[in-house]
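Asks: Got a structure here, written out as structure tokens. Questions coming.
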Amino acid sequence: SIYGSNAMGGVINIITKKPEKPVEADVSAGYGTFNTKQGSVRLGLRQGKEKGLFGQIAATALDSDGYTSLTPESSDYEARIDRFVEEYTVDTTLGYDFDSNNSLQLSYSYFDDRRGEGYKYNIKDGGHREFDTNNVRLAYDGELAGWQIQVNGFYQKEDYFWHRDFANPDSVYTVNSDREDYGTNISTSTDVGDISTVTFGADLKIS
């Protein structure tokens with residue numbers, strides 16, 4: 001009831017950190033196995049401590065040669081290459097805190113992902129997939145008379161590309177699938193006694 005009809009298998013709930021200071025920034029970088037390079041930057045601004053405008057922008061990047069997953073028993077073993085990954089994200093948020101319990105927030109995120117499938121015959125990069133996703137979200141989070149209220153509206157557009165590679169050039173093909181989803185969900189909950197919570201919710205999703 002809180003996360004909608006598509007959440008029966010579970011939910012990964014990512015809650016973006018709000019800026020707490022008038023100006024704050026974070027920078028990180030890392031390097032690991034498989035020639036994996038990653039980094040992130042974030043800049044946040046805030047007008048007041050408990051009331052006022054706030055906003056932030058964050059970006060991340062990940063590039064890795066990846067690993068070899070095919071075993072000698074695989075029919076594609078002689079065509080094996082590393083399962084590379086290239087991933088970039090940008091997240092922007094603009095919001096307003098009416099008080100410590102009520103806020104309105106508009107967010108936009110962009111996700112660009114490219115992943116190799118570990119084999120190569122006729123395509124330069126071998127079989128691989130690409131995800132290009134734009135997401136816009138408007139959310140209200142508040143409290144009224146002891147009830148916690150969440151209202152979310154969203155729009156998401158995903159361009160999906162899959163390039164299949166085979167030993168026979170005539171079997172090579174591509175998949176292009178563009179999808180748009182939008183909708184809204186509403187939930188409200190309140191504590192009943194010391195150990196119970198009652199929740200009501202509804203959602204509408206159009207694909």
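Asks: Taking the residues in the stretch 107-138 that are more than 24 Å from the chain's Cα centre (by Cα) and among the aromatic types (Phe, Trp, Tyr) as candidates, determine which candidate is surrounded by the most Cβ atoms within 10 Å (Cβ to Cβ).
Replies: Once the filter is applied, the top-ranked residue is 119.
Asks: Taking strands (runs of 3 or more DSSP E) that do not extend beyond the stretch 19-106, which have at least 3 residues that are closer than 26 Å to residue 143 by Cα and open to solvent by 30 Å² or more (accessible area, probe 1.4 Å)? Steps first, please.
Replies: Details: elements: 23-32, 36-46, 52-64, 85-97.
The qualifying strands (runs of 3 or more DSSP E) are 85-97.
Asks: Let me ask you something else. Please state which of the following conditions residue 122 fails to meet, knowing it meets all the rest: (1) without any contact (Cβ under 8 Å) to a residue 60 or more places away in the chain; (2) polar (S, T, N, Q); (3) not in a loop (DSSP other than H, G, I, E, B).
Replies: (3)
Asks: Just the residues that are within 16 Å of residue 83 (Cβ to Cβ) and of a type in the set (Val, Ile, Thr), please, taken from the stretch 122-141.
Replies: Of everything in the stretch 122-141, just one residue is within 16 Å of residue 83 (Cβ to Cβ) and of a type in the set (Val, Ile, Thr), namely 123.
Asks: Given the criteria at pLDDT below 95, closer than 21 Å to residue 89 by Cβ and under 17 Å from the mean Cα position of the chain (by Cα), does residue 152 qualify?
Replies: Numbers: at pLDDT below 95: yes; closer than 21 Å to residue 89 by Cβ: yes; under 17 Å from the mean Cα position of the chain (by Cα): yes.
In short, yes.
The values are calculated or read from the model by the stated rules, or taken from the named source; none is laboratory data. In this text the structure is predicted, and so the values were computed from the model without any measurement. In this analysis, Cβ positions are derived from the backbone assuming ideal geometry, glycine residues included, and neighbour counts consider all displayed protein chains. Heavy atoms of the whole protein, side chains included, go into the accessibility calculation; ligands, DNA and RNA do not. Shrake-Rupley method; radii C 1.70, N 1.55, O 1.52, S 1.80 Å.
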